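To start, the structure itself, in structure tokens.
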Amino acid sequence: MSSPPSAASATASTAEPARAPGSISRRLLLLAAVWTSLLIAIGGVALDRIVTGTIVRNFDAQLSLALPAMIAAAELDPFGEVRFNRPPVDPRFNEPYSGLYWQVAADGRMPFRSRSLWDRELPADFSVSCVEPCTSRSHAFRNEPLRIVERDGIIPGSSVVWRFQVAQSTEQLDAQVADVRRTLWWALGALGAGLLLLALIQASYGLMPLRRISAAMAAIRAGRMSRVPTTDVPPEVAPLVNELNALLDHNEQAAEAARMHAGNLAHALKTPMSVLTNEAAANSPDLARAVVRELSTMRRHIDHHLARARAMGRRTSATARAEVWPSLERLVSAIERIYAEKGVVIDLAGDRAACFRGERQDLEELAGNLIDNAAKYGGGRVFVTVSRDEAAGQVQIAVEDDGQGIPVRLRETMFERGARLDTGKPGTGLGLAIVRDVAAIYGGSISLSESEDLGGLMAVLRLPGCPNAEKPA
């Protein structure tokens, strides 16, 4: 019979996961390896393209030097064929298969070729215009890849568009590019190895105080703890412990918000799906109409929840800043073009230095919905006014139109999903609902009232502004 485990063994077994030496070091090494490899790859590809591109452009530039001389020397003989009064001087043009060639051709005409081509001719695609020099690679010649520079020209006395071509074997070019690439990647590989060695030294000797935090995180992952202990923590890593605990709190809140968000969406889609199921089970003659109607409802719900999800995801950026005036100028220009046939005129005025403390995409989605509604449902005049409320730390965007407005009793209902006052015009009824929800995510608001100047509706959007010391990126 085996003896029961001793207390020391049990203690060692219990304490074993807490030791976990080097767990954070391994993570940092992996992160350093992946990040370094990614940067080396991106930098290598960029440098490779720059260097090889420069080599190829120089090659093309040297090759294209012969084109102006060819075009200037071209003339027609008595039979209407092309000839040169001054042939190109490079002796390689006269040596068969020398690797340097020229050709003048036209659609339906026999090509005029250099002696170096001998019994071959360069490919020419006359469907592509080459008013400016065109460059391409060709494998028309077996075992001899070519770089071709070509340009269209008209010879005096002829109405035919002639294609002037100069081509050269890329054997030397490819060898030079390959040599440069080998040198480049060897150097980048050595740089990457040096960076990984530095990361190894840092992980081995610079993170010794973090091992207890690593053990605590392992315990949290195993479910034995909920937070990193803040007792007996060195002052150098105390901010890290506080941030980790704050991150755990934030993750719990985000997970709870995601669960609630998913539940709301599932609940919103349940009713349309039940209607479709009942219609299909009953073989309803209006099944197609019901499918279109309910799918439209489902799409509105999905669009609404996606807009909220995007705003909540972007809200986490504490450094996001957006200038209000340039965004509104772009929106005004775009919406005026959209409603050009209606003759919509949008006046933009107010504080040009106003700044929104959030993402530019959300600002343009919020303001764009309001301005588009004013242009769509108004009579043709729209006022957009930007102002700042320094006391409240907000930026305000007021959008007024000269339409019929919205009765007071209906203004609150317009923020419901799918609510529309004029159903005769296209739309999903999501604009104001999205504006309200996304503005609320940023801590802002929207209100509807009557425009004193135009007599229609005035929508005032209030969003958090940038403090005076902050400037948008």
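The values are calculated or read from the model by the stated rules, or taken from the named source; none is laboratory data. As the structure is a computational prediction, the values presented were derived from the model and not from experiment. Here Cβ is always computed from backbone atoms with ideal geometry, including for glycine, and neighbour counts include all displayed protein chains.
With respect to the conditions (1) of a type in the set (A, V, I, L, M); (2) out of contact with any Ser or Thr (no Cβ under 6 Å at 6 or more places or on another chain); (3) surrounded by fewer than 18 Cβ atoms within 10 Å (Cβ to Cβ), LEU173 lacks only one, and its number is (3).
The set of residues from segment 432-471 being surrounded by 20 or more Cβ atoms within 10 Å (Cβ to Cβ) and more than 22 Å from VAL408 (Cβ to Cβ) comprises ILE434, VAL438, TYR442, GLY444, LEU463, GLY465, CYS466.
Spot the failing condition for SER214; the list is (1) at pLDDT 90 or above; (2) under 40 Å from the mean Cα position of the chain (by Cα), and only one is missed. Among (1) at pLDDT 90 or above; (2) under 40 Å from the mean Cα position of the chain (by Cα), the lone unmet condition for SER214 is (1). The test for being assigned by TED's automatic domain parsing to the domain that holds THR135 and at pLDDT 90 or above holds for ILE55. Just one of the listed residues (ARG147, ARG120) is in the same structural domain as MET70 (by TED's automatic domain parsing) and part of a loop (DSSP other than H, G, I, E, B), and it is ARG120. Can you pull out the residues in segment 366-397 that are buried (at least 19 other Cβ atoms within 10 Å of the Cβ) and out of contact with any helix residue (DSSP H, G or I) (no Cβ under 7 Å at 6 or more places or on another chain)? ALA374, LYS376, TYR377, GLY378, ARG381, PHE383, ARG388, GLN394, GLN396, listed by residue number. Taking the stated definitions as given, is ARG83 among the charged types (D, E, K, R), modelled with pLDDT of 85 or more, farther than 29 Å from ASP174 by Cβ and not in a helix (DSSP H, G or I)? Spelling it out, ARG83 is indeed among the charged types (D, E, K, R), modelled with pLDDT of 85 or more, farther than 29 Å from ASP174 by Cβ and not in a helix (DSSP H, G or I). Got at least one residue in segment 184-202 being surrounded by 13 or more Cβ atoms within 10 Å (Cβ to Cβ), modelled with pLDDT under 80 and closer than 30 Å to VAL45 by Cβ? Yes; the residues of segment 184-202 include at least one that is surrounded by 13 or more Cβ atoms within 10 Å (Cβ to Cβ), modelled with pLDDT under 80 and closer than 30 Å to VAL45 by Cβ. When you look at ILE397, is it in a helix (DSSP H, G or I) and at pLDDT 90 or above, yes or no? No: the conditions fail for ILE397.
Within segment 57-81, if we keep just the residues that are in contact (Cβ under 8 Å) with a residue 40 or more places away in the chain and farther than 10 Å from GLY153 by Cβ, the residue that is surrounded by the fewest Cβ atoms within 10 Å (Cβ to Cβ) turns out to be GLY80. Cβ-Cβ distances below 8 Å connect the following pairs, each with a first residue in segment 359-385 that is assigned by TED's automatic domain parsing to the domain that holds ARG436 and more than 16 Å from ASP437 (Cβ to Cβ), a second residue that is of a type in the set (Lys, Arg) and at pLDDT below 85, and a separation of six or more residues or different chains: LYS376/LYS425; TYR377/LYS425.
ASP174 passes every criterion in (1) at pLDDT 90 or above; (2) closer than 17 Å to PHE59 by Cβ apart from (1).
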